[in-house]
Structures are given as C-alpha cells and as structure tokens.
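Visitor: Sharing a structure, written as structure tokens. Questions coming.
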Amino acid sequence: MGKRLLKLTSPMMKGDDVKEFQTLVNAKGYSPGKIDGVYGNNSVSACKAFQKASGLSVDGMCGDRTWAALEGRRTLKKTSPLMSGADVKEFQTKVREKGFDAGAIDGKYGDKCVAACQAFQGAMGLSIDGICGKNTWAALDSDGKPSLEKPHSAHFKLEEWRCNDGQDVPVQYYGNLQRLMDKLEELRAYIGNKPITIASGYRSPEYNEMLRKKDPNGVAKNSQHLYATAADIKVAGMKPSEVQKAADKIFADGGMGKYSSFTHVDVRGHRARW
Ligand SMILES: [Zn+2]
C-alpha cells in the first residue's frame, strides 16, 4: 500500500501507513500514543505538534509535505507527477544560496531544479545526473564553494575546448574542465613537456547529436565530451600508440580510447578503456 493522506475520519483510518506515521513521528519525539495503526486523536495531536515544529501548515493531516518532513531528505529526481515537499524546498533554498537558479522556491522538483542540480554537480566535480542524492546533499551542506572560476593551467586554455559549432563550455562544467586540465598537465610533463593539441574538446548537445547521425556506432549518446570532462588529443612527434601508453598511466582512474589518429582521454571518475 502506498502512503495515503492521513486524517481523522469516522470510522478511523487504519493501516500500515498509519503505523509507519506513528513510528516516524514517535521517533521525532512526538508521541502518538500506542503504535496501533489507527489514526485517532493522539495521532492528530502528534501530527500537529510535529507540523508546528517543522514549519508546516498545522492541520493534523499527514499529506505529502508532512510525509517528506518525517522521512527526512529523499533522493530528489524528476518524476511524473513532480516530487514535492519540504525536502525539495530545502534543495531549492540551498542550491540558490550556492549561486544556482532553481526557479521559484515552490517545493516542486521540476526542470529548473534538474538544471540547477546538474550545474551545481558539475561545479563541485560530482557526477552530473540531475539527481540530488546523498553526495549532492552532502555537497549542499558543506561550506565548499563551487568552482565557477575560468579553468586555466600553465599550458591549456578554456578556448581550446570550444565546440566546433562555436558554443563555449558552459560555466557549470568549469569544475570538470579544471580537473581535466590538471591531468593533461601531468601527462604533458610525463611525455617530456611535448605540446598537446586538443583536436576535440567540449561538444554541445546539438553538435554531439549531429555527429551521432553521421556515425551512430562511433559517437556515444552520453559522451564525456558533453560535460567537458574529455579531450581527443594529438602530440606532434609522437605516434598515437606512444601517447596511448602514457595516457594509460596518467588516466588510470578515467577513460582512454585508442584511435588511429588521436587518443581520447577523460576524467569520468572511473576506469574505462576501449
Ligand atoms: Zn573523445
């Protein structure tokens, strides 16, 4: 059984969801009397006390928002109908404080929340999925500042990642690109400071789709290039096989793909080889 809107009715509502309510509200310090699975006057009183303390409207009825507050923070993602509740409001408030626009603080996890979540994740170097789970909640709670600074390093420039269709790397991916640049500096030092050319850097969603139409098997739908975590590189005076040997070491925890005229490297956060 799903969770119903619990309220005082005659006869009284009964069930496992009532029992769950009673257990949760009791754990929060508001006694509903006996944990008997019956939504009676004691349950209403406990519900009201909890609602008052939680800044919810005090009606003694356990609906979506009260459930969410009782359950604590859920993993927020886009669903149909949209997830709503106090935890969504909390997400919206916190992500705004970090400098990302999630639209109105309306307690609904819609498209703007997903976009703000992705932007925040990218800036914090988390995996970008638009789902606010444990790691994203932890980052929202932390004092860590998102990196919105222009990525830079001794030998690489942001402009080298500009998409071939002219679109610049979106600000939310600056954190990703900085991690990639740092790795490429390591690689550059490892190969004796030979200059590395970025043959392909960031790809806009439109550009990636265009490439996929031309080569459905060769271009990934969820390509790392979409998130500015990847580069296809060339090194003058080195064969791709030599570059690949070096890249295999430096990008041990990331992606590396061998191609006849270039090498793909990325900082996806786990090892991948092809
Ligand atoms: Zn690539």
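We did not get these values from a lab; they are worked out from the coordinates using the rules stated. As the structure is a computational prediction, the values presented were derived from the model and not from experiment. Cβ atoms come from the backbone with ideal geometry, glycine included; neighbour counts cover every protein chain shown.
Visitor: Return Arg268, Arg73, Arg273 ranked ascending by Cβ neighbour count within 10 Å, so the fewest neighbours appear first.
Guide: Arg273, Arg268, Arg73
Visitor: Turning to a different aspect of this structure: Setting aside same-chain residues fewer than 8 positions from Lys78, which aspartates and glutamates have a Cα under 13 Å from its Cα?
Guide: Leaving aside aspartates and glutamates fewer than 8 places away in the same chain, those within reach of Lys78 are Asp111, Asp129.
Visitor: Under the definition of Cα pairs under 8 Å and six or more residues apart, what whole-number percent is the relative contact order of the range 16-71?
Guide: Contact order relative to length: 30 percent.
Visitor: Report D for the range 130-181 in µm² per second (integer): Stokes-Einstein, Kirkwood Rh on Cα pairs, 20 °C, 1.002 mPa s.
Guide: 169
Visitor: Provide Glu186, Glu160 in ascending order of the number of other Cβ atoms located within 10 Å of each residue's Cβ, fewest first.
Guide: Ordered by Cβ neighbours within 10 Å, fewest first: Glu186, Glu160.
Visitor: Could you work out how far apart the two model spin labels at Ser142 and Val58 are, taking each label as a point 7 Å from the Cα in the direction of the beta carbon, and quote it in nm?
Guide: My value for the distance between the label points is 3.9 nm.
Visitor: Of Asp87, Asp168, Asp16, how do they rank once you tally other Cβ atoms within 10 Å and put the fewest first?
Guide: In increasing order of surrounding Cβ atoms, one gets Asp16, Asp168, Asp87.
Visitor: Using 0.36 nm times the number of residues separating Arg273 and Glu185, minus their current alpha carbon distance, what extension gain do you get?
Guide: Full-extension gain reported as 29.6 nm.
Visitor: Based on the Cα coordinates of the range 110-154, what is the per residue volume of their convex hull in Å³?
Guide: Once divided by residue count, the hull of the range 110-154 is 84 Å³.
Visitor: Using only Cα atoms and rounding to the nearest 10 degrees, what angle (0 to 90) does helix 240-250 make with the longest principal axis of the chain?
Guide: 40
Visitor: To continue, here is another question. Kirkwood Rh and Cα-based Rg: tell me the resulting Rg over Rh for the chain, rounded to two decimals.
Guide: Checking Rg against Rh, the ratio lands at 1.16.
Visitor: Here's a follow-up. Tell me, what does the Kirkwood hydrodynamic radius of the range 145-274 come to in angstroms if you use every pair of distinct C-alpha atoms?
Guide: 14.7
Visitor: Relative contact order for the range 158-273 using alpha-carbon pairs under 8 Å, separation at least 6, rounded to a whole percent?
Guide: Answer for the range 158-273 is 25 percent.
Visitor: Please report the relative contact order for the chain, taking Cα pairs under 8 Å with a sequence separation of at least 6, and give it as a percent rounded to a whole number.
Guide: Value for the chain: 10 percent.
Visitor: Here is a further query. Please go through the residue pairs Lys98/Lys234; Lys213/Lys258; Lys134/Lys194; Lys145/Lys245; Lys77/Lys245; Lys7/Lys108 and name each one whose alpha carbons sit more than 32 Å apart in this structure.
Guide: The pairs that break the limit, which is 32 Å between Cα atoms, are Lys98/Lys234; Lys134/Lys194; Lys145/Lys245; Lys77/Lys245.
Visitor: Just subtract the alpha-carbon distance of Glu97 and Ser260 from 0.36 nm times their residue separation and send over the number in nm, one decimal.
Guide: So the chain would gain 54.0 nm between Glu97 and Ser260.
Visitor: I would also like to ask the following. Which log10 I(q)/I(0) values, to two decimals, does the range 22-68 give at q = 0.24, 0.28, 0.31 Å⁻¹ under the Debye formula with one point per Cα?
Guide: Per q value, in the given order, log10 I(q)/I(0) is -0.78, -1.07, -1.28.
Visitor: To continue, here is another question. Expected output is a single nm value to one decimal: the length gained when fully extending between Glu242 and Asn193, i.e. 0.36 nm times separation in residues minus the C-alpha distance. What is it?
Guide: 16.2 nm
Visitor: Take Ala27 and Ala220, extend 7 Å from each Cα along the Cα→Cβ direction, and tell me the distance between the two endpoints in nm.
Guide: With each label point 7 Å from Cα toward Cβ, the separation is 3.8 nm.
Visitor: On to the next question. Taking only the alpha-carbon positions of the range 1-99 and ignoring solvent, what does the Debye formula give for the base-10 log of I(q)/I(0) at q = 0.17, 0.25 Å⁻¹?
Guide: Debye intensities relative to I(0), on a log10 scale: -0.74, -1.33.
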